[in-house]
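Colleague: Dropping a structure here in structure tokens format, bear with me for questions.
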Amino acid sequence: MATYGWSGKILRVNFTTNSIKTEDTSKYKDYIGGMGIGYKIIYDEVPLETHPYDEASKVVLAMGPLTGSGVPCSGRLNMSFLSSWTKGYSIVDAHMGGHIAHAIKYAGYDAVIFEGKASKPVYLKIDDDKVTIEDASHIWGKGTFEANRILVEENGESFDAATIGQAGENLVNMSCMITSVGNSGGAGVGAIFGSKKVKGFVARGTGSVKIADPKELKEVSDYMLRELVGGNNNHNVPAVPQSWAEYSAPSGTNRWSGAPGRGWQKAEGGFVDMGEQPVGDIDKIGYRAHKGYFDHGAIADKYMVKVGGCSSCPIRCYAQYDIDPLAEYDLPTKVSNTCMPIIYQGAWYPEGLKDFVDEGDANLVICGAGSRAVDDYGLWDNYGNIQRDFNYCYTSGILKEKLPAEEYNSIPWDLMKEGDPRWVVEIVRRISMKEGEISKLGLGTYLLVKEWNLGKEYLDVEYLQNVTYNGYPKHHSSEDVWQTGLLYNIMYNRDCMIHHMTNVIQSGSPYELYKKILEDEFGEGAVDKPKHYTPMNRNKAKLAKWAFIGKQWHDMATLCNWMYPMTLSPSKKRGYKGDHDLDAKYMTAVTGEKWSRKDIDLASERVSNMLRVMTAISFNIHEGSKNLRKDHDTIPAWVFDKEPDFKPFEAGTVKMDREDMETAKTMFYEEMGWDVETGIPTRKTLERLGLGYMADDLEKRGLLPA
Amino acid sequence: MLFGRRKEGFTKVEKVTEFPKEINEDILKEKEKLSNIESKEQEKPDLLDYLDELEDVEDLDNSLENQDIEEAEEKTEAELLAEFIRIRSKGAYLTSKSSLEKEEPKLEELLDNLSKDEGCQDIVYIKGDKDVYYYSNEFMSDNYAMIAMLVEDKDMPRTIAEMVRWNGKTYPCATPLYYFKNSPYFYTDAQIERALGRIRHKEEYSDICELTTGNNVRYLYSTIHMSEKYARALAEGVEYGEYGYR
């Protein structure tokens, strides 16, 4: 039954039996939505011994009460499933923006459970309450661009589509799902769908999300847009001086990158100058994010058509390009992306890149080719690890050693050496099609190390940026946020995807300004000067806990963690302080229930502990581990040994100190209510969060701390 | 044009009341075609005639009359000057005293009146080496006015040195040379190189030092605010970023 915020139904589709059922969402209310619903269903229904590609494995795609409610920056969904590629094979999530989360909510569902295995390729069609399993034989084997196009053409333009590419079909661990407007969800979800012979789904929803207090929702939204929202990553000062602004980011690397004189030269009707975007002028918020300029500098303007983004989001962080130099290589020129695919394809060229038409355009053109290729094949890059693995294995001679000579010699290395954009397409194709030994790169770093006997020392290499020995890299870690960033980076079974702190540290605001705002809340010593950190203290642990559990909230609600929480504001009259109560205000307006920040923190902590418990159980099952501190949270040597000219705590370094980091873990575990020896939640903590049944489970398995 | 861009108040805007939001040439052409077709068809009733036929509605709060009175009130010369400065500030421009003197013979008297007018307290000034510049701090921040003053004074070595120091003290950060290619400076590479040449040979700028990052991006920093080692770490942090060199 629909309630305010929640659609009220969960769709359960079994592809073995072709059964399609709906269930009441209300039994999952303590878990809110998104990641919370996903974790509860996986924990209840999928034994953690299950191989991710087995019939018993499931994917839970879920939204939250704020998704589709009109709350700004709420166009996201969360997919939970068991990892096929990390140490411990535990719970992971993929997160996808765009418009399809709204479509599913408007069709009347808070979540969709994909279970079982089809006997032949199929896709799921959600057309309000008409849900069917459709034949997908004609799109199996096709890339996501073509498959999505066909699905939208066949079903109608009011449908949104999301499909896997060949990487997912071929059970490449490093695979993702892509929507018809180019949004992706990664973490290996493509292969889970592929194992079920499910090419994807289409959705059309003509309903709505019920709002308890529409007037209040409008007022809170207007308040957010007028006073709180900044640019991309909610950076609260512009990258370039603007006349109304006290501050700007002199390095020009913050993400409020729209500025006078910058814009899109390929815009319909001629150049669009993004101009100034003063605080309070809500009609100009859409001009604040110029992700193309942020990623590639001034050359991006030449090929930019416009900026795009997700439903309900005023921040248009998707750079949309028409990169015509690619036409000379018979490659598609239309490219749209916002994350790694459009930033990090140069790493496939270990011997360097060459400019095409203008000085400095090499990386942009190569990223354009690579972005199209990885999105079309549905290859996920594990936040750049797959490129780094390739690059390092090539330059260190590992590839030559591990690949059969015949295969090695068949690879068109000349394309790579010439900086030809067809090289990135070729290497992506080989990995996605599981062609040859080189395609083992698609296993993911952890399994690649095992497969090629590279040893633990491989994960200690600084260039490879692995943040644990579990198979994934850092993602805004100690280089931004000292011990605090490193702590929450090692909590997950994939890169952490937490932007709470980088949104502040990289905002371009003066250090003293954001330090005061954060320390007013978290206490003295919580915030260190850029590149000059101090020894661990209790307030940094509190800060780490806030960021760690807060990210879960955003994947439950669902809200975009690239924007929320609104820690800073671009408004001078607010003293540049944001509003950490905003999420609660939205929950109250949308659901009609009185929500406080304390309520949100409690729900967030609950799901954060579910992550930890499920990780502990998985590590016990697959690694025989009874100690997450030792077996999951171990940090590679490079983090402590880099920058030999510096000592830890010296001005100019983020080189960490081993002993200090152990202190940091202890303090963090204490803040979380976890056993400091094992890093596993205690019964007291779990019962406080309504997770007594998980404490019982841990106890039965001999994992519950004494 | 100082900042090389169009700003409100500095371009001639012809009011087209029919299209208050946007003027789209395609739509205009289409409309022209349609009006040609329509003129050949039977004439439709005139909207104004129709409106005239409607009964008058009482203006309960006399808002129309009040509006007339307000419009009738004349602004003082000081208020008009304030309005002029505000419009320029909104367009990201300072208003130099020297430029006002050319237009207004009784400028000192006017400025004196302006400073006493309670409704004009947002009009403030900043002194440069070559002029005094007025702006509205309602539309332009004080820090931006400082930058704009430096740019207006057209002393590039001083502008670069002052901003490197200010950035080093405020954020703190090292300042990449490309910062000065952006708005509101829009300096060319050649201008920056010439200015750097002069900075290197002047004692007053001896604290301004240069470093180059691993990806060959040049940065400036002031030794008053940071060491070379710290400046390099900050600059490398920016250039290397999250994923490696840009």
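Colleague: Measuring from label point to label point, each 7 Å out along Cα→Cβ, what is the B:Glu228 to A:Asp44 span in nm?
Modeller: Distance between label points: 6.5 nm.
Colleague: Calculate, for A:Asp641 and A:Thr22, the FRET efficiency according to 1/(1 + (r/R0)^6) with r their C-beta to C-beta distance and R0 45 Å; round to the nearest 0.05.
Modeller: Working: r = 54 Å, r/R0 = 1.21.
So, using R0 = 45 Å, E works out to roughly 0.25.
Colleague: Find the accessible area per residue for the protein assembly as shown; the probe is 1.4 Å, ligands and nucleic acids are left out, and the unit is Å². Walk me through the numbers on the way to the answer.
Modeller: Values: 38140 Å² over 952 residues.
Here the residues of the protein assembly as shown average 40 Å² of exposed surface.
Colleague: Let me ask something additional. What's the magnitude of the charge dipole for chain A around its Cα centre, counting Lys and Arg as +1 and Asp and Glu as -1 at the beta-carbon? Answer in Debye, nearest 20. Display every interim value, and only then the final one.
Modeller: On the way: 81 positive and 97 negative charges, 273 e Å.
Magnitude of the dipole: close to 1320 debye.
Colleague: Stretch A:Glu328-A:His138 to full length: gain in nm at 0.36 nm per residue minus the Cα-Cα span? Don't skip to the end; give the middle numbers.
Modeller: Numbers: separation 190, 0.36 × 190 = 68.40 nm, distance 3.01 nm.
That works out to 65.4 nm of additional length.
Colleague: Determine the residues within region B:225-240 where the difference in accessible area between the chain on its own and the full set of protein chains amounts to at least 50 Å²; count protein heavy atoms only and use a 1.4 Å probe.
Modeller: B:Lys229, B:Tyr230
Colleague: Can you work out the base-10 log of I(q)/I(0) for region A:218-351 at q = 0.12 1/Å, using the Debye formula on its C-alpha atoms alone?
Modeller: Taking Cα atoms of region A:218-351 as identical point scatterers yields -0.48.
Colleague: Considering only C-alpha atoms, what is the centroid distance from region A:230-273 to region B:187-218, in Å?
Modeller: 25
Colleague: Nearest 0.05, what FRET efficiency do A:Glu677 and A:His622 give at R0 = 22 Å with Cβ-Cβ as r? Please report the intermediate quantities before stating the final value.
Modeller: Numbers: r = 21 Å, r/R0 = 0.96.
Efficiency for this residue pair is about 0.55.
Colleague: If I model a spin label at A:Ala298 and A:Lys117 as a point 7 Å from the Cα along the Cα→Cβ vector, what separation in nanometres do I get?
Modeller: Output for this residue pair reads 5.7 nm.
Colleague: Can you give the extra length, in nm with one decimal, that the chain gains between A:Asp281 and A:Asp222 once fully stretched, where that is 0.36 nm per residue apart less the Cα-Cα distance?
Modeller: Working: separation 59, 0.36 × 59 = 21.24 nm, distance 1.09 nm.
Gain on stretching A:Asp281 to A:Asp222: 20.2 nm.
Colleague: Tell me, in nm to one decimal, what length is gained between A:Leu602 and A:Asp54 on full extension, where the rule is 0.36 nm per residue of separation less the Cα-Cα distance?
Modeller: Working: separation 548, 0.36 × 548 = 197.28 nm, distance 3.40 nm.
Here the segment from A:Leu602 to A:Asp54 would lengthen by 193.9 nm.
Colleague: Count charges around A:Ser83 for me, please; just the other residues with Cβ under 14 Å from its Cβ, Lys/Arg as +1, Asp/Glu as -1. Walk me through the numbers on the way to the answer.
Modeller: On the way: positive: A:Lys58, A:Lys87, A:Arg494; negative: A:Glu49, A:Asp54, A:Asp93, A:Asp495, A:Glu623.
My count for the surroundings of A:Ser83 gives -2.
Colleague: Would any residue of region B:71-101 have its amide N under 20 Å from a label point 7 Å out along Cα→Cβ of B:Lys116? List them or say none.
Modeller: Only B:74-83 fall inside the zone, counting backbone N under 20 Å.
Colleague: What is the local net charge at A:Gly188, summed over the other residues whose Cβ is closer than 13 Å to its Cβ (Lys, Arg +1; Asp, Glu -1)? Write out the running numbers ahead of the final one.
Modeller: Working: positive: A:Arg494; negative: A:Asp93, A:Asp381, A:Asp495.
The answer is -2.
Colleague: Please identify the GluC sites (Glu not before Pro) of region A:31-103 that satisfy two criteria: DSSP loop assignment and at most 14 other Cβ atoms within 10 Å. Which are they? Let's see the in-between values first.
Modeller: Details: sites: A:Glu45, A:Glu49, A:Glu55; in loops: A:Glu49, A:Glu55.
Taking region A:31-103 and a limit of 14 other Cβ atoms within 10 Å, the loop GluC sites (Glu not before Pro) found are A:Glu49.
Colleague: Over 13 Å, how big is the tail of the calculated P(r) for region A:382-442, in percent of all Cα pairs? Mind dumping the intermediate values first?
Modeller: On the way: 1168 of 1830 pairs.
So the portion of pairs separated by more than 13 Å is 64 percent.
Colleague: Taking every pair of alpha-carbon atoms in chain A, what share in percent sits in each 20 Å bin, from 0 to the bin with the longest distance?
Modeller: 18, 56, 25, 0
Colleague: Run through region A:489-585 and list the GluC sites (Glu not before Pro) located in a DSSP loop whose Cβ has at most 13 other Cβ atoms within 10 Å.
Modeller: Values: sites: A:Glu512, A:Glu519, A:Glu521, A:Glu524; in loops: A:Glu524.
Here the sparse-neighbourhood loop sites are A:Glu524.
Colleague: Then there's this: For a label point 7 Å from the Cα of B:Arg198 along Cα→C-beta, name the residues of region B:145-175 whose backbone N is under 14 Å from it.
Modeller: Within reach of a label on B:Arg198, which here means backbone N under 14 Å from a point 7 Å along Cα→Cβ, region B:145-175 contributes B:150-162.
Colleague: Compare the peptides A:596-609, B:73-86 by average per-residue count of other Cβ atoms within 10 angstrom and give them in order, highest first. Kindly include the intermediate steps, with their values, before the conclusion.
Modeller: Numbers: A:596-609: 20.1, B:73-86: 16.1.
Packing proxy ranking, top to bottom: A:596-609, B:73-86.
Colleague: Right, here's the next one. Could you work out the equivalent-ellipsoid semi-axes for region A:323-454, taking the square root of 5 times each eigenvalue of the Cα gyration tensor, largest first, in whole Å? Please list the in-between numbers first.
Modeller: Details: eigenvalues 119, 49, 34 Å².
The answer is 24, 16, 13 Å, longest axis first.
Colleague: Can I ask one more? DSSP loop (so not H, G, I, E, B), at most 14 other Cβ within 10 Å: list which trypsin sites (Lys or Arg not before Pro) in region A:351-402 pass both filters. It would help to have the intermediate numbers written out before the result.
Modeller: Numbers: sites: A:Lys354, A:Arg372, A:Arg388, A:Lys400, A:Lys402; in loops: A:Lys354.
Filter output for region A:351-402: A:Lys354.
Colleague: May I ask you to derive the relative contact order of region A:451-609, considering only C-alpha pairs under 8 Å and at least 6 residues apart, and to give it as an integer percent?
Modeller: Reported as a whole number, the value is 16 percent.
Colleague: Mind checking which helices in chain A clear 20 Å along their axis (Cα) and have mean Kyte-Doolittle hydropathy of 0.0 or more, DSSP H runs only? Let's see the in-between values first.
Modeller: Details: long enough: A:362-377 (23 Å, 0.42); A:538-557 (28 Å, -0.79); A:597-623 (38 Å, -0.19); A:658-672 (21 Å, -1.22).
The answer, listed by residue number, is A:362-377.
Colleague: How many angstrom lie between the Cα centre of region A:117-159 and the Cα centre of region A:565-626?
Modeller: Here the answer is 35 Å between Cα centres.
Colleague: When the scattering of region B:115-246 is computed by the Debye formula from its Cα atoms alone, each counted once and equally, what is log10 I(q)/I(0) at q = 0.18, 0.22 Å⁻¹?
Modeller: At q = 0.18, 0.22 Å⁻¹ the computed log10 ratios are -1.01, -1.33.
Colleague: Determine, for region A:323-454, the count of lysine pairs separated by eight or more sequence positions (or lying on different chains) whose alpha-carbon distance falls under 14 Å.
Modeller: Close lysine pairs under the 14 Å cut-off: 5.
Colleague: Now, a different point. To check my understanding: the extent here is largest minus smallest coordinate of the Cα atoms along each principal axis. What are those three numbers for region A:179-225, in Å, largest first?
Modeller: Here the Cα extents, ordered largest to smallest, are 46, 23, 18 Å.
Colleague: Under 8 Å for C-alpha pairs, at least 6 residues apart: give me the relative contact order for chain A, rounded to a whole percent.
Modeller: Values: 1695 pairs, mean separation 103.3, N = 706.
RCO, chain A: 15 percent.
Colleague: So the label point goes 7 Å from the Cα of A:Lys529 along Cα→C-beta, right? Which residues of region A:625-657 then have their backbone N under 12 Å from it?
Modeller: From region A:625-657, the list is A:650-653.
Colleague: Count charges around A:Ser509 for me, please; just the other residues with Cβ under 10 Å from its Cβ, Lys/Arg as +1, Asp/Glu as -1. Each step should come with its number before you reach the end.
Modeller: Values: positive: A:Lys515; negative: A:Glu246, A:Glu512.
In short, -1.
Colleague: If you roll a 1.4 angstrom probe over the protein chains with everything in place, what fraction of the accessible area of chain A belongs to carbon and sulfur, to the nearest %? Mind showing how you got there, number by number?
Modeller: Details: 10690 of 22140 Å².
Carbon and sulfur together cover 48 percent of it.
Colleague: Could I ask something else about it? Just to verify a number: FRET efficiency for A:Ala267 and A:Arg574, C-beta to C-beta distance, R0 = 45 Å, to 0.05?
Modeller: On the way: r = 33 Å, r/R0 = 0.74.
About 0.85, to the nearest 0.05.
Colleague: For region A:9-204, what Kirkwood radius comes out of the mean inverse Cα-Cα distance, in Å?
Modeller: Numbers: mean 1/r = 0.0620 Å⁻¹.
Taking every pair of different Cα atoms in region A:9-204, averaging 1/r and inverting gives 16.1 Å.
The values are calculated or read from the model by the stated rules, or taken from the named source; none is laboratory data. What you see is a predicted model; the values in this text were computed from it and never measured. Quick reminder, even Gly has a Cβ in these numbers, built from the backbone with ideal geometry, and neighbours come from all protein chains shown. We work out accessible area using only protein heavy atoms, side chains counted, and drop any ligands, DNA or RNA first. Shrake-Rupley method; radii C 1.70, N 1.55, O 1.52, S 1.80 Å.
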